[in-house]
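Peer 1: Sharing a structure below in structure tokens format, with a few things to ask.
A short reminder: the numbers here are calculations on the coordinates, not readings from a lab. What you see is a predicted model, and the numbers here were worked out from it, not measured in a lab. Note: ideal-geometry Cβ built from the backbone for every residue, glycine included; neighbour counts use all protein chains shown.
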């Protein structure tokens, strides 16, 4: 826990993270439980339609009230992404600056480059009102340095909770190669590329591979696709998973597969590494800075031939012991302690 951080001086803003949903919510939940003793937080989104508008208006009022009434707050740390999330966050950044506070914009998500092209002048201007930008990797730092001049830019990776050695001893053994996919069930995450590869090579994979899938989104389309492709014996769907259910899937998998088309720094990959899974992913976002040949495989998004070759190679291997050890060792860079140190230095700097 970041005990040295004077938490009362930092106000954090972002999406509602209870219950925990996507990547930003997972990060905020870890900040709350492990990094700050007292996580001072305002949720500025978390519903749909009119409910989201109501949450936004209430959160603006909460921000103004807290900044006017509590001079102890020196820093407003805003967790944001692209499109609506960014424009919503801009309101809080500008109000916080108007009320004399330092502002950190913490950029999550993998779609910011495309988003930036939609309105570069406005987006650049908003970014340059911040005192600091927090990004997830060196490649993202390079990008933001290329489009802005004023703000301090620092790298803070997403944090993960490392499982205990006792947890890891509870792994079940099986002759099957156990693949795991966790994420949104849509084409952008590459799940349908993965299903197509399994369907095209069903004879090679049946009886040798099991794909466990945990996620949400268009569940009906996903389940129909599995049925139409005849993959019922190869694919097991668990719905949205969290807590012990997700922990058990991570414990009892060998390879984590995320053939995504766009990412920032996926929490799912970092979590899989803490459990010593071999990683199969794409060369997008910060993934190439996290995954290397020692414990993973990288491919171009949409390259089903490459994905096929990787999976067939994994099926033919008898042991992943060394790769799994290296994967777990690499995950320690993203531990609570390391992320706490990064945050502390930034709060001290600004």
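Peer 1: Determine the principal axes of the Cα atoms in the stretch 247-350, then give the extent along each, sorted from largest to smallest and rounded to whole angstroms.
Peer 2: Taking max minus min along each principal axis of the Cα atoms, the stretch 247-350 gives 50, 27, 23 Å.
Peer 1: Still on this structure, please answer the following. In square nanometres, what is the average projected area of the Cα convex hull of the chain?
Peer 2: Computed as one quarter of the Cα hull surface, the answer is 17.6 nm².
Peer 1: Taking Cα atoms, how many degrees apart are the long axis of helix 321-331 and the longest axis of the chain, rounded to 10 and kept between 0 and 90?
Peer 2: With rounding to tens, the tilt is 10 degrees.
Peer 1: State the extension gain, in nm to one decimal, for the chain segment bounded by residue 115 and residue 304, taking 0.36 nm per residue of separation less the distance between their alpha-carbons.
Peer 2: 65.3 nm
Peer 1: By average Cβ neighbour count within 10 Å, what is the ranking of 182-189, 196-203 from highest down?
Peer 2: Most protected by this proxy first, the peptides run 182-189, 196-203.
Peer 1: What is the helix-to-structure angle for 50-69, meaning the angle in degrees between its Cα long axis and the longest Cα principal axis of the chain, kept from 0 to 90 and rounded to the nearest 10?
Peer 2: 50
Peer 1: What do you get for the angle between helix 138-147 and the principal long axis of the chain? Use alpha-carbon atoms, 0 to 90 degrees, nearest ten.
Peer 2: It is inclined by approximately 40 degrees.
Peer 1: Would you mind computing, in nm to one decimal, how far apart the modelled labels at residue 294 and residue 333 are, each placed 7 Å from Cα along Cα→Cβ?
Peer 2: 0.9
Peer 1: Based on DSSP H runs of at least 4 residues, each adding -39500 (n - 2.57), what is the mean residue ellipticity at 222 nm of the chain after dividing by all its residues, to the nearest 500 deg cm²/dmol?
Peer 2: Rounded to the nearest 500, it is -13000 deg cm²/dmol.
Peer 1: Still on this structure: Quick one: Cα convex hull volume of the stretch 109-220, Å³ per residue?
Peer 2: 182
Peer 1: So, R0 is 41 Å and r is the distance between the beta-carbons of residue 248 and residue 147; what FRET efficiency does that work out to, to 0.05?
Peer 2: Computed FRET efficiency for residue 248 and residue 147 comes out at 0.45.
Peer 1: What is the Cα radius of gyration of the stretch 158-212 over 2.2 N^0.38 Å, N being its residue count?
Peer 2: Normalised Rg, Cα atoms only: 1.48.
Peer 1: Rounded to whole Å and sorted largest first, list the principal axis extents of the Cα atoms in the stretch 165-333.
Peer 2: Over the stretch 165-333, Cα extents along the principal axes are 40, 33, 32 Å.
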